[in-house]
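The values are calculated or read from the model by the stated rules, or taken from the named source; none is laboratory data. The model shown is predicted, which means the values in this text are computed figures rather than measured ones. In this analysis, Cβ positions are derived from the backbone assuming ideal geometry, glycine residues included, and neighbour counts consider all displayed protein chains.
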Amino acid sequence: MSSEANTGGCLGKPMKRKEDPRFIQGKGRYVDDITLPGMLHMAIVRSPYPHAEITSIDVSEAMKVPGVKAVITGKDLDAAGLGWLPTFHGLDKQMVLAIGKVLFQYQEVAAVFAETRAAAADGAEAVQVEYAPLPVVADPFTARKDEVLLRPDREQKTNHIYHWEVGDKDGTARALESSPKRISQRIWFQRCHPAPLETCGCVAQFDTMGRLQFYVTSQAPHVYRTALAIVTGIPEDKIHVVSPDIGGGFGNKVPVYPGYVCAIVGALKLGRPVKWIETRTENLTSTGFARDYHMDVEIGAGADGRITAMHVATTADHGAFDAAADPTKYPAGMFGIVTGSYDVPAAHAEVDAYFTNKAPGGIAYRCSFRVTEASYAIERAMDILADELGIDAAELRRRNFVRKDQYPYQSRLGFTYDSGDYDRTLQLALDRIGYTQLLKEQAEKRVRGELMGIGFSTFTEVVGAGPSKHFDILGIKMFDSAEIRIHPTGAGIVRAGTKSQGQGHETTWAQIVAEELGLDPQNIMVEEGDTDTAPYGLGTYASRSTPVAGGAIALAARRVREKARKVAAHLLEVGESDVEWKDYKFQVKGVPAKTVTMKEVAFAAYTNMAQNEPGLEASYYYDPPNMTFPSGAYVAVVDIDRETGEVKVRKFLAVDDCGTIINPLVVEGQIHGGLTEGFAIAFMQEIQYDGEGNNLNTNFTDYLLPTSLETPQWETAKTVTPSPHHPIGAKGVGESPNVGSPAAFVNAVVDALSPLGVRHLDMPITRDKVWRAIRAAEIGTVVA
Amino acid sequence: MKVKVTVNGVAYERDVEPRTLLAFFLREDCGLTGTHVGCDTSSCGCCVVVLDGDRPVKSCTMFAVQADGHEIRTVEGLAEGAALHPLQQAFWDQHGLQCGFCTPGMLLTAYTLLKHNPRPTEAEIREGLAGNLCRCTGYQNIVKSVQQAAGAV
C-alpha cells in the first residue's frame, strides 16, 4: 500500500489556532452581529431600589413613544405561568420580572419591545413605576438574624437557604482541641464579577414552522434548550439553540437569565424576532456575580508544622435568589477541595448560605464551582500558620504535601485525587524564581525598612464535573459527548457538546482527533454550539471541556478507528485481528512494510468497503470515572512603596501541572489570562454594595479590569503528571491560574507587610488599603 | 440627519438620528460588525476605529454625525487585498487573541501606534494599548504581536 506520510503526532504541538483568521479580520459572528428581518429590540426597566414593594406600574407613556410595540411586566408573565424561572440547580426559583416586590437594585421590572435599540431605551425610560421602600438586608450576617424575611414566597420562612457540610465534625473538633498550635482567621473572598468583554444577549425568533430559533451567548446550549422547554412549555424539538462566537464567558454565560425569557415571550407575543443585548451596567449589576464567601478557617498543627486538623465554617451571601451555579447535589460546589494539596488527617467544612438584597448569582467565575474560594482559604491560611510557627512558607507546604506515593489519594473531604507531584512542582518553582537569593535580598531590605514580599500558592484544583453518580444539573448527568464523521477524502468534522469562548476548541479538538486517527488537524472541522447538530453535552465551564468532552472526543475517535480497522483489514487482505494501529497507520502485524493510512481507509469506507458497513463515523458519550486534579506552584514577588502603599508585582512564576498538554500555545495563553484575572481579583475587582444595598461598581470606571500597563509579566513552567483515568491524560487548565494566583498575590503582600505586624488583608488589596495598614502599624495599631 | 463618510474606501450616505453613536452607525447602518461595543463608557476600546488615517477613536464616544466628511478605517479594512496586514498576521502567529472580542480594537489601536512610532519599546506598546481592555490574554502575547509587526522580534 501507499507510503504516504502520515499526519499524526500533532498532540502537544503549538499549532496556531484555526479560529483566528476570522477574528483578526472582524469576521467573528457574535450574537449582537445577528440581525434578522423585522427584528425588534428589547430594553429592560430595572429597579432603583434594593428592596421595595411595587405599588404601581404605568406603561401608558411608554406605549406612546414612537416605535414602542409592547411592554410586559411581572404580572403579565405570572398570568401566563412564566412569572418564575427555576434557578440553575433547580433548588430555588427566580422572578423573571418582579412580581409584587423587588429584591435587589437593578432587578428586572418590565421589558419594552421597540423598532430600534434607541426606541426601546426611550420606552424603558418612560415606564412609570412606583415603589414603597422596604428595610434592606445588605449582608448575610444581618440576614441570618431573620429580622426581615426577604422571601415570603418560599415555604421555609427564613433567610437561611441551606446548611451543607462534609467531613468528620467531632473528630476534627477533638483534633483541633489537642493540637499544640492553632490558628484561626476570617477570610473573605469578595463578591466579584467575571465581566467578559462581550455582555450577555440573545436573539429570539419563532420561524415559519413555529419553531423557536434562539441565538444566545450560552456556554451550555443544550442545557439551555432543556431548561427553556421546561420553563416555557415549548416542546424541546421545537427549540433550536445556537451559541455563536462568544466574547468571553468565564462562567457569566452559564445560567439562563430573565432577559432571555422576556425576549422569547416578546418574540412569541409580537410575532417578530427580538434582540436583547445587556448594557455593561446590566451585566455588572444583574447577571453572574461570583464568590462572596466569608470563611472562618481554623487549622491545628504540631510544632513541626504537620497539620493535625482543619475546620472551615463559611457564611455565603447568595443575594436575592439562590441562583448559584453548582451541581444540584453540591450546593457549595467543590468546596470540599479546601484541604488543598495537603494531607490533612482530620477535616470538616461547612457552608451556610443566606438571602440578601443583592443580585443573585454565585456563578463559577473561571472556577470549578467554589474551588477558587476553597483554594484561597487554605493557601492564605497556610501562610498564617507558617508565620505563627516561624517556619518558611514553602517548607511548611512541603511538610504537609500529599506525597507522590499516596495517589490515588483519598482526601478527608471526599475527593480521590488522581495524580500529582507537588514536591517536584514546588522545587521547580523555587529553583526558577531563585528563592534563596530572594530571601537574602528580602532580609537585607528589611534591615533598611523596605517592604518586599514573596508569596506562594501551591494549590490543587478539582475539575471536570463530572461522574454521573455524583453530578447533575436539574437531574441531567454531567457527561459530555462527541460525534465524528470522517469524509471520503480523509477530512472530517467533529461536533461536541461544549462551546468555546476563546479556549481554542476549534484547534485543540481537531488535534485530538488528528492524533487518534493519523489525519491532518487542518482538515478536521470543529463545530459546537448548535443544538440541532451537536450531540447533547453539558457545555464549557468549570474547566470541564478537556476533562470531559476531550475524553469523549478521544473515545469517539477510537470508535472510528475500530470501524476503520475492518476496512483496513479488507484493504490489507488479512483478517481484522492481524491488523494493528502503529505510527498513525494500520499495519499488518509484524510486517511494517504492509500499511494503509487512515486517509486511504476513509476513501475505501465509501468506495470499497467490501462487506463492512459503509461510512466512517462514531459518537461517544463520556461519563468520566473521576474528576481530574490539576495543580500548581505559584510564586509572586512584590515590592511595596511605604509612602504610597503602591504594590508592584516584580515577578510572577506559575508552574502548572495540567496533565497531558494538547497545545502548549493555548495552555500558555490560558495561564496568562487566568493569572491576569487572578491579579485583578487580588488587587482591584469588587462588586461592592453600601449598607443601603446600592451597587457601587456598575461600570468599568468603577469595576476595574487591569490594562496592559499594570498587568505584570508572566513566567510559566510546567510539570506533567498525566491523569491516569483520562483517555489522553489531560486534566484541564483554564481555571488553575485564576484559582491559584489570588493567594500568591495576597501572601506576597502580607509577607511584605509582616515586619509591621500585618497578618491578613482582605482582597481587593487596593493601594489605600495597604497605605492604611502601613500607617496603622506605624501608629502602633496592628491590622487584622 | 444626513451623514456622509468613507469607510474602508467605500462611501456611505445614511440618514441617522443625531444621537446615533458612530459604533452603532458602523455596525447597524454600514453592516460592519467587526467593530464591537463592550462597555458603553469608553473604557474598553473594543470599538476603536481609525479616523482620517492615523487617529484612533473610540467609536462609542463619537456621534455618527461628528464623523461626517471623514474617512474611517475599521478592522474589515485593515488587510490590503487578500493578504493579512502584518498586525493581523502577528496576532495570529503570537496567539495574541482568544475570544476575539477585543481584537479589532486592539489591532486598530496598534495600527495607529505603529504609524506614529514604528519601533516602539515594550513600555511604549503597553502604554499605547492601555486604553484597550483584554479579558483573555493578559496582554503579554498582544505585546509580542505588536513587536512582531513592528519588526522588533
Within the range A:649-673, tally of residues that are over 21 Å from A:T721 (Cα atoms) and touching a Pro at 6+ places or on another chain (Cβ under 7 Å): 2
Residues within the range A:745-766 that are over 27 Å from the mean Cα position of the chain (by Cα) and part of a loop (DSSP other than H, G, I, E, B), tallied: 3
Pair list, Cβ under 9 Å, 6 or more apart: the range A:163-181 residue under 29 Å from A:Y354 (Cβ atoms), other residue in a helix (DSSP H, G or I): A:W164/A:F335; A:V166/A:F335; A:V166/A:G336; A:G167/A:G336; A:G167/A:T339; A:D168/A:A175
Cβ pairs under 6 Å, 6+ apart or interchain, first in the range B:17-32 and of a type in the set (A, V, I, L, M), second assigned to a helix (DSSP H, G or I), ordered by first then second residue, are B:L22/B:A64; B:L22/B:A67; B:L32/B:L26; B:L32/B:E76
Just one listed residue, out of A:D431, A:D418, is under 24 Å from A:E715 (Cα atoms) and among the charged types (D, E, K, R), and it is A:D431
In the range A:654-666, what residues are surrounded by fewer than 24 Cβ atoms within 10 Å (Cβ to Cβ) and either under 25 Å from B:L133 (Cα atoms) or of a type in the set (K, R) (or both)? A:P664, A:L665
Restricting to the range A:12-32, count the residues that are among the polar types (S, T, N, Q) and within 18 Å of A:T508 (Cβ to Cβ). 0
Look through the range B:52-104, keep the residues that are out of contact with any strand residue (DSSP E or B) (no Cβ under 9 Å at 6 or more places or on another chain) and among the acidic types (D, E), and return whichever of them is surrounded by the fewest Cβ atoms within 10 Å (Cβ to Cβ). B:E80
With the condition kept exactly as written, say whether any residue in the range A:232-242 is more than 30 Å from A:D387 (Cβ to Cβ), crowded, with 24+ Cβ neighbours inside 10 Å and touching a Phe, Trp or Tyr at 6+ places or on another chain (Cβ under 7 Å). yes
Do we have any residue at all in the range B:132-150 that's crowded, with 19+ Cβ neighbours inside 10 Å, more than 17 Å from the chain's Cα centre (by Cα), among the hydroxyl-bearing types (S, T, Y) and facing another protein chain (nearest Cβ under 10 Å)? yes
Do you know which residues across the range B:38-51 are in contact with a strand residue (DSSP E or B) (Cβ under 8 Å, 6 or more places away or on another chain), buried (at least 20 other Cβ atoms within 10 Å of the Cβ) and either facing another protein chain (nearest Cβ under 7 Å) or assigned to a loop (DSSP other than H, G, I, E, B) (or both)? B:G45, B:C47
Can you tell me which residue is nearest to the chain's Cα centre (by Cα) among those in the range A:160-183 that are hydroxyl-bearing (S, T, Y) and surrounded by 15 or more Cβ atoms within 10 Å (Cβ to Cβ)? A:Y162
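Restricting to the range A:603-624, what's the tally of residues that are buried (at least 16 other Cβ atoms within 10 Å of the Cβ) and more than 38 Å from the chain's Cα centre (by Cα)?
Here is the first cut: in the range A:603-624, the residues buried (at least 16 other Cβ atoms within 10 Å of the Cβ) are A:603-605, A:609, A:612, A:616-624.
Now restrict to residues that are more than 38 Å from the chain's Cα centre (by Cα): A:603-605, A:609, A:612.
Residues flagged as buried (at least 16 other Cβ atoms within 10 Å of the Cβ) and more than 38 Å from the chain's Cα centre (by Cα) within the range A:603-624 amount to 5.
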Residues of the range B:98-117 being within 9 Å of chain A (Cβ to nearest Cβ) and either on the phi > 0 side of the Ramachandran plot or out of contact with any Leu (no Cβ under 9 Å at 6 or more places or on another chain) (or both), in sequence order, are B:Q98, B:G100
Only residues that are in a strand (DSSP E or B) and either within 18 Å of A:G90 (Cα to Cα) or of a type in the set (D, E, K, R) (or both): list them for the range A:147-170, please. A:H160, A:I161, A:Y162, A:H163, A:W164, A:E165
I'd like to know if the range A:413-427 contains one or more residues that are among the polar types (S, T, N, Q), out of contact with any strand residue (DSSP E or B) (no Cβ under 7 Å at 6 or more places or on another chain) and free of Cβ contacts under 8 Å to residues at least 24 places away in the same chain. yes
Looking at the range A:46-70 only, could you name the residues that are under 20 Å from A:V261 (Cα atoms) and either surrounded by 24 or more Cβ atoms within 10 Å (Cβ to Cβ) or among the aromatic types (F, W, Y) (or both)? A:V68
Across the range B:1-37, which residue is farthest from A:E198 (Cα to Cα) among those that are among the small types (G, A, S) and surrounded by 21 or more Cβ atoms within 10 Å (Cβ to Cβ)? B:A23
The one condition A:S184 fails out of (1) in a strand (DSSP E or B); (2) touching a Lys or Arg at 6+ places or on another chain (Cβ under 9 Å) is (2)
Just checking: which of the helices (runs of 4 or more DSSP H) contained wholly in the range B:73-153 hold 3 or more residues that are without any contact (Cβ under 8 Å) to a residue 24 or more places away in the chain? B:122-128
Exactly one of these conditions fails for B:G34: (1) assigned to a loop (DSSP other than H, G, I, E, B); (2) at pLDDT 95 or above; (3) within 25 Å of A:Y703 (Cβ to Cβ); (4) within 11 Å of another protein chain (Cβ to nearest Cβ). Give me its number. (3)
Count, please, the residues in the range A:517-533 that happen to be buried (at least 23 other Cβ atoms within 10 Å of the Cβ) and assigned to a loop (DSSP other than H, G, I, E, B). 4
For the range B:48-89, give me the residue count where each residue is of a type in the set (G, A, S) and in contact with a Leu (Cβ under 9 Å, 6 or more places away or on another chain). 4
So which of A:L91, A:L97 is touching a residue at least 60 places away in the same chain (Cβ under 8 Å), closer than 20 Å to A:T285 by Cα, in contact with an Asp or Glu (Cβ under 7 Å, 6 or more places away or on another chain) and not in a strand (DSSP E or B)? A:L97
Among A:E130, A:E155, A:E198, the single one that is surrounded by 17 or more Cβ atoms within 10 Å (Cβ to Cβ), of a type in the set (D, E) and at pLDDT 95 or above is A:E198
Residues to consider are A:A301, A:A313; find the one that is over 28 Å from A:I681 (Cα atoms) and more than 17 Å from the chain's Cα centre (by Cα). A:A301
Any strands (runs of 3 or more DSSP E) falling wholly within the range A:1-84 and containing at least 2 residues that are on the phi < 0 side of the Ramachandran plot, in contact with a strand residue (DSSP E or B) (Cβ under 6 Å, 6 or more places away or on another chain) and within 14 Å of chain B (Cβ to nearest Cβ): A:40-46
Across the range A:680-693, what is the number of residues that are under 20 Å from the mean Cα position of the chain (by Cα) and either at the interface with chain B (Cβ under 8 Å from one of its Cβ atoms) or part of a loop (DSSP other than H, G, I, E, B) (or both)? 4
